[in-house]
Each structure stands twice: as structure tokens, then as C-alpha cells.
Amino acid sequence: MSIHFKPIENTSFDEGSGVTISHPRILLDAPLNGVASLEYQYTFRRGGQRVGAMGFFGTEVAAELEGQRGLIYTLDLRPAEVLMDMLKFKRFLDDTSDDFDFVRFLAQGLVIVFAGKTTNPESRRYLVVASAEDLARVGAPAPAGYLELPDGSIILAELFAPARVA
């Protein structure tokens, strides 16, 4: 069984495992090099009961998206301990996909929670990244030919949410 999350309102839901990823608690952290730093705190539930949680940092950067002002949110799965927690959750679910695919599928679930947002004053792009080195260290190396960015990270998942005004 592999996980495949779908958006339901402001959550992600995987029918096979029955797991729902709730919209994260997002906290403003100290800026890094002039870039807004955020802390994401996610909770995983099954049948209304908490079955897991994870937290990590990311950034928010203003950019031009589709010719208009927008925001790019990067959810950064560093350090390697974040990936190790994801793989522990894989074992808890008894998921049979390979480790890299599981990390990628769970990363997609993390950004899908933002797909149900009905009002965005600006377009938003969400990226989930991890260090290629960290992925290899935890036994989930990216397949050969997977695009590695200049900083050694790879994009595991992304979501574009166009501007919507109610």
C-alpha cells in the first residue's frame, strides 16, 4: 500500500491509510539573511485520533508569479532527523512503497493542505525540499537523474495556488 493524499477542504486525506494531515500551525521565526523564516507544525490523524506529528522550518519570499506579486513558501525537510521521523511514520503505517517514494508522497500531502484555501490575495507557490545528502544518509536516495539544485537540495513536492479573492 502506498499513500496518495487528496485535498479535502484545508486538509490532505489518504483513503488507503485513513490518515488526515491537518492544516499546519505556522509560527514566525527569526529572519535568516533577511528572509522571513517560518516554523511548520503538522498533525496526522486517523479516525479522529492523533497518530503522528512533525515540525520543521521554511521560508517565505515575495516574488513575481504569473506577472503579479506573489509569495513562495519553501518547506525545508532539513535536518536529516525530519526525514527519519517521516520514515518512522512509514513503518507505523506499514507502507510498502520504497523510502524515497514515501517521503515524496508524504511531502505532497504536506502541501496539498494549502490547495483548499479559497481566498489568497496573491498567488502562492509551495515547495517542499530536502537535502539530497540527507536523503541518501537516511536510506532514501533520490533516483538517478533527479534534479538537484545548486544548494544540494531537491524539490520533493510543489503546489501552485493562484490568487483568489472572495
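Quick notes on this structure:
- P(r) for the chain, from all Cα pairs and a bin width of 5 Å, is 2, 9, 17, 22, 21, 16, 9, 4, 1, 0 %, short bins first.
- Between D29 and T43, the contour length at 0.36 nm per residue exceeds the Cα-Cα span by 3.1 nm.
- Extension gain, R50 to E148: 0.36 nm times the residue separation minus the Cα-Cα distance gives 31.9 nm.
- Estimated 222 nm signal from helices in the chain, with DSSP H stretches of n ≥ 4 weighted -39500 (n - 2.57), rounded to 500: -6500 deg cm²/dmol
- Percent of Cα-Cα distances greater than 16 Å, calculated over the range 1-72: 61 percent
- Placed amide H near E122: partners under 5 Å, 5+ positions off or other chain: R164
- Surface exposure of the range 32-166, expressed per residue as accessible area with a 1.4 Å probe, stands at 50 Å².
- Extended-chain gain in nm, criterion 0.36 nm per residue less alpha-carbon gap, E66 and K6: 19.1 nm
- Cα-based reach from K6 at 13 Å (exclusive), listing aspartates and glutamates while leaving out same-chain residues under 8 positions away: D14, E15
- Protein accessible area in the range 59-139, 1.4 Å probe - carbon and sulfur %: 47 percent
- Lys/Arg +1, Asp/Glu -1 at C-beta; the chain dipole; positive extreme among I26, A62, I8: I8
The values are calculated or read from the model by the stated rules, or taken from the named source; none is laboratory data. Here the structure is a predicted model, which means the values were calculated and not measured. All Cβ positions, glycine included, derive from the backbone under ideal geometry; neighbour counts span all protein chains shown. Accessible surface areas use protein heavy atoms only, side chains included; no ligands, DNA or RNA. Shrake-Rupley method; radii C 1.70, N 1.55, O 1.52, S 1.80 Å.
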